[in-house]
Every structure is written in structure tokens, then in C-alpha cells.
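Here's the structure we're looking at; comments come further down.
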Amino acid sequence: MTHDHDLVLRPTAAQTEAALNPPAGRNGGDLVVETLSGLGATTVFGLPGQHALGMFDALRRSTLRYVGLRVENNAGFAADAYGRITGEAAPLLLSTGPGALMSLAALQEAAAASAPVLAIGSQIPVAGLGGGRHGYLHELRDQQASFRDIVKSVHTVRTQSQIPSAVAAAWESALTAPHGPVWVEIPQDVLLAETRLPVVTSMDATPEEVAPRPELTAVAAHLLANAERPAVIAGGGVVRSDASGKLLALAERLDIPVVTTFGGKGAFPWEHPLSLQSWLEDRHTTDFLEDADVLLVVGSGLGELSSNYHTFAPRGRVIQIEADAGKLESNHPALGIHADARLALQALLETVPERRDPTAPERVSAVLTKVRDRIAAQDLGLEQQVVAAVRAALPDRSPSFWDMTILAYWAWSAFDARHPNTMHSAQGAGGLGYAFPAALGAAAADPSHPVLAVSGDGGAMYSIAELATAKQYDLDVTWLIVDDGGYGILREYMTDAFGEATATELARPDFVALSESFGVPATLTAPETLTADLAKALATPGPSVVVLPALLRMFEPTHL
């Protein structure tokens with residue numbers, strides 16, 4: 001008997017000749033870029049450094065497009081967004097030591113958001129590996145230890161022959177559900193040395209799909225079909241697995257109300273009669289979900305932001321579908337189904353009978369009315385006006401990227417993403433500076449739609465250097481900067497907690513003049529003109545900046 005894995009493709013005579021006589025002038029870096037091309041990569045992000053020059057030299061002999069940013073952390077954010085938009089592993093090329101370490105905050109966000117980033121960094125020469133103190137430039141005792149707590153997997157190369165296999169293994173790891181960042185490190189001398197190894201022509205690193213166990217989906221289908229007050233929490237896993245259509249079909253078959261998490265924005269139609277939208281930081285929504293006798297949680301770990309700051313206490317039976325085994329039942333006991341959201345929802349669709357509940361839309365409408373009434377009682381007209389203005393200006397298919405800023409916190413709850421995989425934020429790890437470099441990565445991934453970035457003035461200063469990147473590559477990104485003179489949300493937190501704020505007020509530049517100095521057109525706007533100014537900027541090809549001086553406030557929390 002012959003098995004598939006026993007079959008070996010025999011090389012043709014031409015392939016054998018090419019392998020025996022590889023072109024001259026190649027180095028270890030060529031093996032890196034050839035492997036990436038063989039795996040299907042087309043674009044790489046990064047920033048060169050002395051130890052990594054072998055990889056960057058090899059780029060000019062490849063067909064890969066290079067997008068270089070000005071700070072490694074920003075390059076990581078750009079790769080993160082490229083991975084989110086395309087679903088492909090985004091290569092990120094870095095140098096040793098300081099260059100590598102500068103990417104850690106971005107890789108933490110990619111890990112929290114399950115974005116597939118393939119970070120490849122250089123290392124000190126092979127002779128220095130092992131923890132000795134040799135005094136090499138950029139030397140760390142154990143560089144990979146800095147990454148091990150953040151990334152999905154770590155791969156260290158010591159010889160050129162190990163490069164293709166290590167990069168392919170990392171690629172597969174990044175794209176195995178749940179997606180995430182991975183780390184490969186290659187010593188400087190391995191990258192620089194001339195190689196006589198054959199050109200890498202093709203690689204196979206197809207990840208295994210995480211399929212649900214049928215006995216578990218059978219139990220889940222039975223519970224849902226017989227529930228009196230079922231509900232669904234749809235998280236980012238629904239978006240990442242392209243399962244929004246299956247979620248809609250299941251909700252309509254069972255008449256189940258659906259709320260999306262902040263990471264799951266767009267997973268369910270905002271105006272659908274069964275849509276509870278995204279008001280998770282509202283006690284009315286929390287109460288509704290707690291009252292469900294069967295709660296289906298798909299692609300969410302029910303972490304802090306998805307559980308109204310861990311005040312959510314479900315009283316009914318919980319079914320949790322999650323590709324990250326570490327998140328299964330991590331916060332609440334459940335029927336845990338370790339599976340990709342798309343495969344699990346498909347299994348449920350094939351198993352569950354129809355269930356009719358004519359009261360479901362009425363109950364959903366009642367919750368949303370209570371939410372609107374609560375917000376309306378807080379004198380927050382300006383904030384709602386600004387959210388509405390951004391929504392009116394942004395084309396439906398355009399992706400948006402939001403920094404950790406008050407307008408983004410409003411958008412998590414109140415913004416209609418309209419389509420899956422179009423709204424992204426740094427709410428996974430919660431670091432500043434995400435929006436603009438991430439938007440640049442999205443524009444590199446798909447130039448067919450303008451991209452919006454939203455930052456506060458504090459977060460904007462983290463990535464202001466990337467205006468040069470936007471101009472250099474003519475990336476179609478409009479950057480909305482809400483200027484309130486400081487770290488606005490921290491100002492609120494500290495004032496509420498201590499009566500006054502400390503270290504939150506910031507000197508900042510004239511953002512309009514600064515943007516124009518980079519050759520990027522900029523507009524000073526106001527709430528009344530924001531829709532028109534933002535729409536004009538988005539409709540104009542290339543980078544642009546819109547500055548909105550405004551002091552926004554958050555709605556009152558319900559978890560305290």
C-alpha cells in the first residue's frame with residue numbers, strides 16, 4: 001500500500017541542473033527571502049540594522065515589496081494590520097538587540113489580537129550564542145527569552161541549511177488558529193556568508209485546521225434548540241475565521257440575539273433586529289446576557305473588556321467555541337469546544353433544528369432603548385456628534401484603525417463597522433501609538449480603499465515619524481488627530497479617582513504645520529465641519545491629516 005506521505009516528487013532535469021548550479025552572489029539572507037517568496041509572501045515590513053544587513057541586501061534580488069518604517073515598534077504595528085486585513089502572515093524584518101526589543105509592544109498587541117506576524121530578527125554571530133558575555137554589539141544574554149512570553153513560538157537558526165525549515169515552521173505556527181506572532185532569529189554571520197545551497201523554489205507550510213469534536217457540537221446544538229432565552233457573544237475569532245455569514249445564518253435559524261465584542265466589531269449586522277450591537281460596557285446589556293439560559297460565546301475569551309470588567313456573571317449554561325485552548329473556560333465554566341469559529345458554526349448549522357422566538361427582536365429593542373436613554377441622560381451630545389460625523393465620512397468598505405483614545409472607546413460601543421474586518425484597535429494589549437502605523441500597513445495590504453486612522457494627540461506623538469513613511473510610499477491613509485492637550489482618558493481616570501490629574505497635560509506641536517512640513521496636506525477642523533473635511537481627505541488619494549481640537553468625555557461606567 002502506498003500512502004500520500006510516501007510519495008516524493010522527483011525533480012526534473014532542469015530543476016536538478018539549477019539546484020546543482022545555483023547563481024553566485026547569494027548569502028544567507030537570500031535563503032530567508034526566497035523562503036518567504038516560496039511560502040507566498042509578497043510584502044515585508046521592517047527597519048534595517050547592522051546585523052540584519054544580509055537580509056536587506058537580499059531583498060534587492062527578490063520580488064518582495066519592502067515597506068520600511070521609522071521605528072521598529074511602528075513596523076510591527078504595520079505588519080499586525082497587514083496580517084489582520086489579509087489573513088496572511090506578515091513578515092517583519094528586524095535587527096539584533098535594541099531593534100528587536102523595540103518591536104515587543106507591537107508583538108504583544110499582535111498576540112492579544114491574534115494577528116499573524118512573522119518576525120525575523122538577526123542575532124550576534126554564532127560564536128557568541130549561549131549566554132556568554134563576549135561584548136558583541138547589541139549582545140543580549142538570551143535574546144529569545146525576551147520574546148518567549150509574547151509570541152506563539154520561537155525558532156533559532158545556527159546554520160544556513162536550517163533557514164528554510166525554521167521560517168516555514170514559524171509561518172505555519174503564525175497561521176495556525178489562533179493566529180499570532182512568531183519569532184525567528186538568525187546570527188549575523190549566517191546571514192552574511194555566501195551560500196551555495198540551491199535556490200528555495202517552493203515551500204509547503206499549510207496549517208492544520210482546528211475542527212470541533214462532533215459529540216460536543218451535538219450537545220451544543222441540543223442546548224441551543226431547547227433554550228428559552230439564548231444569546232450569543234461574538235468575538236474577534238468570528239471575524240478572523242471569516243465566519244460572519246455562518247453566524248448570521250445560525251442567529252436567524254434560532255432567533256438568537258447577538259452582541260459583538262470590541263474585537264468582533266462587524267461580525268454581525270449592526271441594524272439587524274437580533275443585534276444587541278456592541279454595548280458591552282453597559283449594565284443593561286450585561287443583565288440581558290446574564291439572564292440567558294444558554295449563552296453561546298464564539299471566538300472570545302470573555303476577558304476584561306468583553307465582560308464589563310469582570311462583573312459579568314452568567315446564570316445559565318455557557319457554550320464557548322474558541323481556537324485558543326488557553327482561553328477555554330479561563331473565566332467561566334462552560335461546554336468548551338476547542339475549534340475554529342467557522343468550522344464550529346458550520347457544524348452547528350448542519351446539526352441544529354430551526355427554533356422560532358417572535359419575542360427576540362422586541363427584547364433586543366428594549367435593551368437598546370434602555371442603553372440610548374442612559375447615554376441621553378449624560379449630556380454627551382458632542383461625543384455622539386463626533387462619532388456620527390466619522391461614520392458619515394468613512395466609506396463603508398474602508399478599514400479604520402483606532403488608537404487608545406476617548407473617541408476609540410466610544411467607537412468600541414457606538415460605531416457601526418458595517419462590514420467584518422473593517423474596524424481594528426489596540427484594545428488587545430492596550431498600548432499607545434497603534435492607529436497610524438497600523439493604517440499604513442492596511443493601505444499597503446489593500447490600496448483599493450482609503451484607510452482611516454484615529455488618534456489622540458498623546459498617541460499621535462508615538463508615531464509622528466511615520467508621516468515620512470506615508471509620504472515616501474504615498475499610502476492612502478487619512479489620520480484624524482483629536483487634540484485635547486494631553487492623555488485625555490488618563491486625565492478622566494485620575495480626576496475621578498484622586499480629585500485631580502498628574503502627568504497628563506502635554507505640550508504638543510502644531511499638527512497641521514508639522515504634517516505639511518512632511519509634505520502631507522493637513523486640515524484644522526471642528527465638530528460641525530468634521531464630516532465634510534474628513535470625507536474630502538479620504539476622497540483625496542495619498543496621505544492626509546485632519547486635526548480636531550476637542551475635549552471629549554466618556555460615558556459613565558456601569559461596572560463600578
Given the conditions (1) open to solvent by 20 Å² or more (accessible area, probe 1.4 Å); (2) in contact (Cβ under 8 Å) with a residue 24 or more places away in the chain, and given that Ile406 satisfies all but one, which numbered condition is not satisfied?
-> (1)
So, first residue touching a residue at least 40 places away in the same chain (Cβ under 8 Å) in the range 351-378, second residue open to solvent by less than 60 Å² (accessible area, probe 1.4 Å) and among the aromatic types (Phe, Trp, Tyr), Cβ within less than 6 Å, six or more apart or across chains; the pairs are Val367/Phe288; Val371/Trp279; Ile375/Phe555; Gln378/Phe555
Conditions: (1) open to solvent by 60 Å² or more (accessible area, probe 1.4 Å); (2) at pLDDT 95 or above. Leu20 meets all but one. Number of the miss?
-> (2)
Among (1) crowded, with 24+ Cβ neighbours inside 10 Å; (2) touching a His at 6+ places or on another chain (Cβ under 9 Å) - the single one Val157 does not satisfy = (2)
Can Ala166 be described as open to solvent by less than 20 Å² (accessible area, probe 1.4 Å) and either in a helix (DSSP H, G or I) or small (Gly, Ala, Ser) (or both)?
-> yes
Residues Asp457, Asp484: which one is more than 28 Å from Glu72 (Cβ to Cβ), of a type outside the set (A, V, I, L, M, F, W, C) and open to solvent by less than 50 Å² (accessible area, probe 1.4 Å)?
-> Asp484
Which pairs have Cβ atoms under 7 Å, sit 6 or more apart or on different chains, and link a residue in the range 212-233 that is within 14 Å of Ala341 (Cα to Cα) to one that is of a type outside the set (D, E, K, R) and open to solvent by 60 Å² or more (accessible area, probe 1.4 Å)?
-> Thr217/Thr351
Complete set of residues in the range 391-403 that are crowded, with 22+ Cβ neighbours inside 10 Å and within 15 Å of Pro450 (Cβ to Cβ) = Ala393, Leu394, Pro399, Ser400, Phe401
Restricting the first residue to the range 159-173 and requiring it to be closer than 17 Å to Pro116 by Cβ, which pairs with a second residue that is small (Gly, Ala, Ser) and buried (at least 24 other Cβ atoms within 10 Å of the Cβ) meet a Cβ separation below 8 Å and a spacing of at least six or different chains?
-> Trp171/Ala89; Ser173/Gly180
Helices (runs of 4 or more DSSP H) wholly inside the range 169-261 that include at least 1 residues being closer than 28 Å to His424 by Cα and open to solvent by 10 Å² or more (accessible area, probe 1.4 Å) | 236-240, 244-254
Filtered residues of the range 419-440 (kept if at pLDDT 95 or above and at positive phi) | Asn421, Gly433
Of Ala145, Ala205, Ala211, the only residue that is touching a Phe, Trp or Tyr at 6+ places or on another chain (Cβ under 8 Å) and within 30 Å of Ala325 (Cα to Cα) is Ala205
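The values are calculated or read from the model by the stated rules, or taken from the named source; none is laboratory data. What you are looking at is a predicted structure, and each value in this text was computed from that prediction instead of being measured. Every residue, glycine among them, receives a Cβ derived from its backbone with ideal geometry; neighbour counts consider all protein chains shown. Ligands, DNA and RNA are stripped out before the accessible areas are found, and what is left, the full protein with its side chains, is counted by its heavy atoms. Shrake-Rupley method; radii C 1.70, N 1.55, O 1.52, S 1.80 Å.
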